1. Only one of these conditions is not met by residue 865: (1) touching an Asp or Glu at 6+ places or on another chain (Cβ under 6 Å); (2) small (Gly, Ala, Ser); (3) surrounded by fewer than 17 Cβ atoms within 10 Å (Cβ to Cβ). Which number is it?
2. Hey, does segment 678-685 have a residue that's within 17 Å of residue 731 (Cβ to Cβ), modelled with pLDDT of 95 or more, assigned to a loop (DSSP other than H, G, I, E, B) and within 25 Å of the chain's Cα centre (by Cα)?
3. Can you name the residue in segment 477-508 that is among the hydroxyl-bearing types (Ser, Thr, Tyr) and part of a loop (DSSP other than H, G, I, E, B) and is also nearest to residue 528 (Cα to Cα) among such residues?
4. For the condition touching a residue at least 12 places away in the same chain (Cβ under 8 Å), closer than 20 Å to residue 346 by Cα, touching a Phe, Trp or Tyr at 6+ places or on another chain (Cβ under 7 Å) and in a helix (DSSP H, G or I), what is the one hit in 571, 577?
5. Among 361, 366, 373, which is within 15 Å of ligand 1 (Cβ to nearest atom), at pLDDT 95 or above and under 22 Å from residue 835 (Cα atoms)?
6. Scanning for something within 19 Å of residue 45 (Cβ to Cβ) and either more than 16 Å from ligand 2 (Cβ to nearest atom) or not small (Gly, Ala, Ser) (or both), does segment 119-130 turn up at least one residue?
7. Scan segment 301-316 residue by residue and report those that are among the hydrophobic types (A, V, I, L, M, F, W, C) and crowded, with 24+ Cβ neighbours inside 10 Å.
8. Look at segment 496-549 and say how many of its residues are without any contact (Cβ under 8 Å) to a residue 24 or more places away in the chain and among the β-branched types (Val, Ile, Thr).
Amino acid sequence: MRTDTGQVFKLEDYRPSDYLIPETNLEFRLSPQATIVIATLTVERRHGVAVSAPLVLDGDGLSLKRVEIDGKKVKPSDLTASPDQLTLLKPPSAHRFHLLVETELAPDGNEALMGLYRSNNVYCTQCEAEGFRRITYFLDRPDILSVYTVRIEAPRHEAPLLLSNGNPVDKGDLGDGWHYSVWHDPFPKPSYLFALVAGNLGRVADSFVTMSGRKVELGIYVEPGKETLAGYAMDALKRSMRWDEEAFGREYDLDVFNIVAVSDFNMGAMENKGLNIFNDKYVLADRETATDADFANIEAIIAHEYFHNWTGNRITCRDWFQLCLKEGLTVFRDHEFSADQRSRGVKRIAEVRTLRAHQFPEDQGPLAHPVRPRRYREINNFYTATVYEKGSEVVRMIRTIVGTEAFRAGMDLYFERHDGEAATIEDFIKVFEDASGRDLSQFALWYHQAGTPNLSISSSHNPAAREFTLEIEQSVPPTPSESRKRLMHIPLAFGLIGAGGKPVEYGDVDGASVEDGVIHVRKRRHVVRFSGIAERPAVSLNRGFSAPVTLSVEQKADDQFFLARHDGDAFSRWQAFNTLLTDALIAAFRDILGGKQPAFPERLIELAGTIASDETLEPAYRALALSLPGEADIARDIGRNIDPDAIHAARQALALAIARACRDAFARLYGQLVDTGGFSPDAASAGRRALRNGLLEYLSLLPGGAALAAEHFRSATNMTDRAAALSVLAHRHHGSSEAIEALAAFEQTYANDPLVMDKWFLIQASVPGPQAVDTVRALTAHRAFSMGNPNRVRSLIGTFSSANQTGFHRPDGEAYRFFVQTVLEVEKRNPQVAARLATALRSWRSLEPGRQAKAREALLSIANAENLSADLRDIVERTLA
Ligand code: B3K
Ligand code: ZN
């Protein structure tokens, strides 16, 4: 493991490398403790570079065996070598030469899961961002594009399957039980997209005929015996391939496309050219083991990685500062895909909920950074919600601003202009400027400036002048190392709504440019006047969440109620109700702190009942509306001096008030939605399950609730319903015999299915209350748990620290102490996973003073630990700064 060198990488320091590597030949002789890697690189000096320029190759913990140039051993005095760098001090004067480097690796001991490692006896690789340098010395940077040929040798009984990128070109027997196969990828690619898999895996095969009539062999490889669980992933893959042709005109380009599922993986999946490697959590699914959310995630991630083939692989990033060029854009593409496959309105609401839950706190805390950061110490810490989710929102805003047609023309231009290149954000913005003729220079600040902008909006109506006025003021809060902000171009979609929910026609508008229902906010303050409006309309703002901003709106509660019933934009309609709920929860929070019993507006409670039973609305929409803002969402809206226990109490009180008032309607509906036994993972069926399970949450708060949830658990015919019931029992009826029995039954049934056991860990890790830390600590000793497996760690420790507000922020700091110990233990094996866990403390400054002091102590004790990895030190120091 590399410890922190303290080096800061800066965007402005980018310069092209002196050398290029147009061809890379790799030979692997696989063995768990001593894998031999022979890399033969065709190296070219860039034109204009001095012959004396040394060739400096990156390494990370490598053991060097041999270096040759053009077949001759390099003299020791002509090189310097360390585990982390190989420098050829006197490269040949020829413009082009061949460099052979032999290294030896121990995949078995590789617990960081970067480079070449073994997961369940399967050899696999992870190279993004800088894992290739753990395999061989290389110019390990994304602007070095190379054509790879890879030969893999291994004992046939250990590794009957040998895969790499590109197309298979040769295979054969080597005697002594060994065999080999050779893969060639004709598309030049950066080293982070290299992949190798070798082992004994089951194969699910299918094929796809592309729009130009080429047949592509598709393979999904899983642990032998789990083949039947890969059917949904295969279906999602074929739908993704078709969709990219239809929506973006992008066709697949190799003869084969393979996906391998492994059980030890640092993140969701990886888009290696022609050989995607997946966390098995995002491949394996059936009704018995996967929830509807799992199915939706599998669909989205299969699509995401596949879409990278064009946005990421064919066009890659010049340097890691440009990460959002591939990630933000590819998230946008997978969002659009899911919206087309499912319900657009519901999908948008879910996206915004995720953005607010993950990106907003990042943007509003010490780890805030621009979508395109300007500096980093450890790039792995920049695979963030800001780069991904806000990055996607920025692409969505470009489409809003230039319009759908120019957006598609801009994308076509992007592929045409930059195919085969390592590009920048500037290149990306330029194609839309060229395709639309618009100036996006002010808009580009969305890439460069951190922080969530706020729009403060008030409205007035002058009946005599038949004029409606919106006063809009923008501000961007200061963020670390950016105290002064420039004014942004914010596309604010809106609607004026009159009696009966009809859109209000208006005449001339002045004060801002308004096009197709979008106000283009560019100045600090706009007074936008709409003429020809006789009666005061209700105004629906940031429709479809057209910009990732916060709003401070002076709006009458009557209008909010009106919009919650009548807004024609599904997102804004949901938003109106959600705002009413949030306001009520914040008021209740204040009452509780002031020692008062919270009370809730009757019409709000009634509206919950009305929405639940409104047959004109999709069940999935109704389920989303009924699910109360989360404790962390409420905390974010309150902003400071957070007491998680008071928030929890407020939320409980509102849930109970709704349950009591809506009992009959909810019970009737719950009965009507009963599971009839048939199962389909499609969005409509999932929506009905979501609504019924949402109703169960409310009904379980009433007398007889534990029995009802226990019956729901027993009679469940799929994992969605079973896990929902278990969660209700464990959370709402903690310690009851029903909860204890259900947890035991679940554990017994799924003891040998690690992915399902993750749900069991997750549910217990999120049980609110001060006892949670003891439960979690005890569960770390459970035989199904392992500190070395990222999925287990995230389910138990990740859930506890980031999704259990009352348990984690226990006032006596006990949970923080446990957390520090655990993070440091995980770090010894896997710094990347540890660093991600540590971000759970990023909002520490918004806690009330007692907890704040304890959280700070915890952060300091991590910072003071010895031999911290670059990954963890970077997170902890920025969090404390
Ligand atoms: N590109 C990978 C993420 C790699 C993370 C490296 N720390 C998966 C994805 O975004 O598709
Ligand atoms: Zn991605």
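1. (1)
2. no
3. Applying the filter and picking the extreme gives 506.
4. Of 571, 577, the one residue that is touching a residue at least 12 places away in the same chain (Cβ under 8 Å), closer than 20 Å to residue 346 by Cα, touching a Phe, Trp or Tyr at 6+ places or on another chain (Cβ under 7 Å) and in a helix (DSSP H, G or I) is 571.
5. The conditions single out 373.
6. Within segment 119-130, none of the residues are within 19 Å of residue 45 (Cβ to Cβ) and either more than 16 Å from ligand 2 (Cβ to nearest atom) or not small (Gly, Ala, Ser) (or both).
7. The answer is 302, 303, 307, 310.
8. Of the residues in that region, 2 qualify.
The values are calculated or read from the model by the stated rules, or taken from the named source; none is laboratory data. For clarity, every value in this text was computed on a predicted model and none was experimentally measured. Cβ: placed from backbone, ideal geometry, glycine included. Neighbour counts: every protein chain shown.
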